[in-house]
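Accompanying notes for the structure given below.
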Amino acid sequence: MDHVITTFILLILPIISLIEVRKLKSNISDRTKESTYWRIYFWYVVTSVLITLDRPISELYYHTGSIELPTIINLILWTIVSYHIFMLIVPTVLVYCSKRIQEATRAAYEEKVYMFPRSGKSLIMFTALAFVVGVSEELIFRGYLYSYLQEYWGVSAILSLTIVNVIFGLLHFHQGRSAIIDTATLGFAMSQLYIQSGSLLLPIIFHILYDLKIVIVTRILGMHKTHQPD
């Protein structure tokens, strides 16, 4: 069952994501976004249910193994955590305070208009999506794949951590090259929080907040008020 679930995560989910992104790019109406969000809810919930049926939730949620990180690696990981905390807070504050940064951010967000919410309803659905994805992706990557690689392939905890987060970044290929790097480093940050805290609680909270930044910035810019024809 573990191999089937892993194949689904690494092969089927990326294909589904690619199909959904192409649909969004071909039709950026609010109705298309809302139906896409519903399908993403479905696939992430299905994947999470499959994982929890195969593994006890406590085994996924709590980090029970011991991992001794070399000082330099530990320092690098905490630096990555600090960087992403900075990128979560500071740009959002600057967007709120600076008109010039608002305009620059608006231009950057317009490039991803196919993906980001614009109507009031899609904004609410995207907010819910942040919670669904935050919980599901942490169960999948930090909880499930991290232990799977060690259990079935005999890799070390550090190598497993590295492989999982490289995969985590690559599976966001449809968002562009910069998103791959940003997502991979975010994965390393959340892995550090998982290892050091002993549970998925902090990574889940941080993941949700990181995705909710899109909702907050969209509201600051007033982009959710822009009408998109159906």
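The values are calculated or read from the model by the stated rules, or taken from the named source; none is laboratory data. Because the structure is a prediction, the values reported are computed rather than measured. Note that we place each Cβ from the backbone using ideal geometry, even for glycine, and neighbour counts take in every protein chain shown. The area values use the complete protein model at the heavy-atom level, side chains included, leaving out ligands, DNA and RNA. Shrake-Rupley method; radii C 1.70, N 1.55, O 1.52, S 1.80 Å.
At-a-glance table
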item: Residue within the stretch 98-119 that is in contact with a Pro (Cβ under 9 Å, 6 or more places away or on another chain) and polar (S, T, N, Q) present; result: yes
item: Condition met for F42 (under 22 Å from I205 (Cβ atoms) and either in contact with a Ser or Thr (Cβ under 6 Å, 6 or more places away or on another chain) or aromatic (F, W, Y) (or both)); result: no
item: Filtered residues of the stretch 47-78 (kept if closer than 20 Å to I195 by Cβ, of a type outside the set (A, V, I, L, M) and open to solvent by less than 80 Å² (accessible area, probe 1.4 Å)); result: R55, P56, S58, Y61, H63, G65, P70, N74
item: Residue pairs meeting the criteria (Cβ under 7 Å; at least 6 apart or on separate chains; first in a loop (DSSP other than H, G, I, E, B), in the stretch 49-62; second not small (G, A, S)); result: R55/Y144
item: Residues satisfying the stated conditions in the stretch 36-46, i.e. free of Cβ contacts under 8 Å to residues at least 12 places away in the same chain and either open to solvent by less than 30 Å² (accessible area, probe 1.4 Å) or closer than 17 Å to T7 by Cβ (or both); result: V46
item: Meets criteria (within 26 Å of I9 (Cβ to Cβ) and buried (at least 16 other Cβ atoms within 10 Å of the Cβ)) for F131; result: no
item: Filter pass, L69 being more than 29 Å from F8 (Cα to Cα) and either in a helix (DSSP H, G or I) or polar (S, T, N, Q) (or both); result: no
item: Odd one out for S98, checked against (1) without any contact (Cβ under 8 Å) to a residue 12 or more places away in the chain; (2) within 19 Å of the chain's Cα centre (by Cα); result: (2)
item: Members of the stretch 22-34 found to be in a helix (DSSP H, G or I) and either crowded, with 16+ Cβ neighbours inside 10 Å or not hydroxyl-bearing (S, T, Y) (or both), listed by number; result: R22, K23, L24, K25, D30, R31, T32, K33, E34
item: Residues satisfying the stated conditions in the stretch 108-119, i.e. open to solvent by less than 40 Å² (accessible area, probe 1.4 Å) and under 21 Å from S35 (Cβ atoms); result: V113, Y114, M115, F116, P117, R118, S119
item: Residue count, the stretch 90-107 (criterion: open to solvent by less than 50 Å² (accessible area, probe 1.4 Å) and among the small types (G, A, S)); result: 1
item: Every residue from the stretch 9-21 that is closer than 22 Å to S35 by Cα and either open to solvent by 20 Å² or more (accessible area, probe 1.4 Å) or not in a helix (DSSP H, G or I) (or both); result: I12, L13, I15, I16, S17, L18, I19
item: Checklist (1) more than 19 Å from D2 (Cβ to Cβ); (2) at pLDDT below 95; (3) open to solvent by 20 Å² or more (accessible area, probe 1.4 Å) applied to T218, failing item; result: (3)
